[in-house]
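Peer 1: Got a structure for you, questions after.
Quick note: the coordinates plus some simple rules give every number you see, no bench work behind them. The structure displayed is predicted, hence computed values, not measured ones. For neighbour counting, all protein chains shown are included, and Cβ atoms are generated from backbone atoms with ideal geometry for every residue, glycine included.
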Amino acid sequence: MEFRHLRCFTVLAEELHFGRAAQRMAMTQPPLSMAIQQLEAAVGARLFERNSRGVSLTAAGQSFLPRAQALLEQAALAAREARDVGQGLAGQLQIGFAGTVLYRGLPQVLRDFSVGHPRLRLALRELSSSEQLVELVHDRLDLGFVHTTRVPAGFSQILVSSQPFVACLPVGHGLARRRHVALEELEHDAFAIVMRAVSPDYHDRILAACADAGFEPVLAFELRHWLSVVSLIAQGLGVGLVPAALQQAGLPGVVFLPLAQSMAPYDTHCLWRTGRDEGPMGAFLDAVRRVAQAGHDHAHS
């Protein structure tokens, strides 16, 4: 039994006329008759009555028709889904992201992507940059949004966004009303910082910036999330250096001040295994590139 046999059967069942059915199938009557005979032989029952009045379905044919139609619909659906996956229109992606990407980068990508790809399902997991690198290397993530310059061998990257570090102070701090602050002015404050195990690049970068300013900060609080750093500072328990996008979190009780000295920016990179940029992955990466380019154009306008 072949799908062409089923197609011939369903068309003839609708037309109940060999001439009209053959015309719809863009074939002559003899091969249509042969296809029906082969199908009846495969099924082991007559599906049509043929007489001088025309063609009609037998009881076996009437029973077989809805099942034949369902088989053809399932085959068409399977082909369409496979085609959509191949063209990047359907499927699922496992995506990792570090928390601060929620404030700059990831929402824009998701909005851009969802408009044109409603059938592509995204499974998102919040993980630290270090955790994402492990998951990516073991192929448990398709791609990740990380804050690190440590790109494993065999991976490609897109710079999604770049933002400055700013000083985060409690509203009651003596420097809170300043327009900007020099890092050395925070020498005697307790610092809240992300743990080195979570974000080694930026943990070390903050310590290096303080060292360049002539002091070693007192690390009173080492936390897993940047948002936790800001929340603790809002309680008046310390100060910190945080990515500027955290201003968008809208937490009360803190102020964000530009630094008098320059620091290397806080960069977000999208990472994926090189060569795996077809189908759904390619469609998603196109959205990442559009958002990255829009951010780059905005920064230079």
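Peer 1: Over all directions, the average projected area of the alpha-carbon convex hull for region 165-264 comes to how many nm²?
Peer 2: The Cα convex hull of region 165-264, projected and averaged over all directions, gives 5.5 nm².
Peer 1: Then there's this: Cα atoms only: what Rg and Dmax, in Å, come out for region 3-86?
Peer 2: Spelled out, the Cα radius of gyration and Dmax of region 3-86 are 13.8, 50 Å.
Peer 1: Let me ask you something else. Once you place label points 7 Å from the Cα toward the Cβ at Val151 and Ala211, how far apart are they in nm?
Peer 2: Distance between the two pseudo-spin positions: 2.6 nm.
Peer 1: Short version: ³J(HN,Hα) in whole Hz for each residue of region 219-234, in order, from phi by Karplus 6.51 cos²θ - 1.76 cosθ + 1.60 (θ = phi - 60°), x for Gly and Pro, what are they?
Peer 2: 8, 6, 9, 10, 10, 7, 10, 4, 5, 5, 4, 5, 4, 5, 5, 4
Peer 1: On C-alpha positions alone, give me the angle between the axis of helix 29-43 and the longest principal axis of the chain, in degrees, nearest 10.
Peer 2: 80
Peer 1: What label, among [x] 107, 45, 25; [y] 104, 37, 35; [z] 54, 44, 35, belongs to Cα extents along the principal axes in Å computed from the structure on display?
Peer 2: Of the listed options [x] 107, 45, 25; [y] 104, 37, 35; [z] 54, 44, 35, [y] comes from this structure.
Peer 1: Here's a follow-up. About the Cα centre of the chain, how large is the charge dipole given +1 on each Lys and Arg Cβ and -1 on each Asp and Glu Cβ? Please answer in debye to the nearest 20.
Peer 2: 1360
Peer 1: Next up: For an R0 of 41 angstrom, estimate the FRET efficiency from the Cβ-Cβ distance between Gln261 and Asp286 and round to the nearest 0.05.
Peer 2: 0.60
Peer 1: Tell me the label-point distance for the pair Ser63, Ala220, using the 7 Å Cα-to-Cβ offset, in nm and rounded to one decimal.
Peer 2: 8.2
Peer 1: Provide the net charge surrounding Thr149, with neighbours chosen by a C-beta distance below 14 Å and charges set as Lys +1, Arg +1, Asp -1, Glu -1.
Peer 2: Once positives and negatives cancel, what remains is -1.
Peer 1: Quick check: residue separation of Arg140 and Arg179 times 0.36 nm, minus the Cα distance between them. What number comes out in nm?
Peer 2: Here the answer is 9.5 nm.
Peer 1: So what's the angle, to the nearest 10 degrees on a 0 to 90 scale, between helix 59-86 and the longest Cα principal axis of the chain?
Peer 2: Taking the Cα atoms of the chain, the angle to 59-86 is about 30 degrees.
Peer 1: Using 0.36 nm times the number of residues separating Val43 and Ala79, minus their current alpha carbon distance, what extension gain do you get?
Peer 2: 10.5 nm
Peer 1: Mind giving me the nanometre distance, one decimal, between the label points for Phe3 and Gln29, set 7 Å out from Cα along Cα→Cβ?
Peer 2: If labels sit at Phe3 and Gln29, their model points lie 2.9 nm apart.
Peer 1: Also: What net charge do the residues around Ser56 carry, taking every other residue with its C-beta under 10 Å from that of Ser56, with Lys and Arg at +1 and Asp and Glu at -1?
Peer 2: Cβ neighbours under 10 Å give a net charge of +1.
Peer 1: How large, in Å, is region 1-149 by the Kirkwood hydrodynamic radius built from its alpha-carbon pairs?
Peer 2: Result for region 1-149 stands at 19.6 Å.
Peer 1: Out of every Cα pair in region 229-288, what percent are spaced more than 17 Å from each other?
Peer 2: The proportion of pairs with Cα distances above 17 Å equals 58 percent.
Peer 1: Farthest toward the dipole's positive end in the chain, which of Met263, Phe48, Cys210, given Cβ charges of +1 (Lys, Arg) and -1 (Asp, Glu) about the Cα centre?
Peer 2: So the residue furthest toward the plus end is Phe48.
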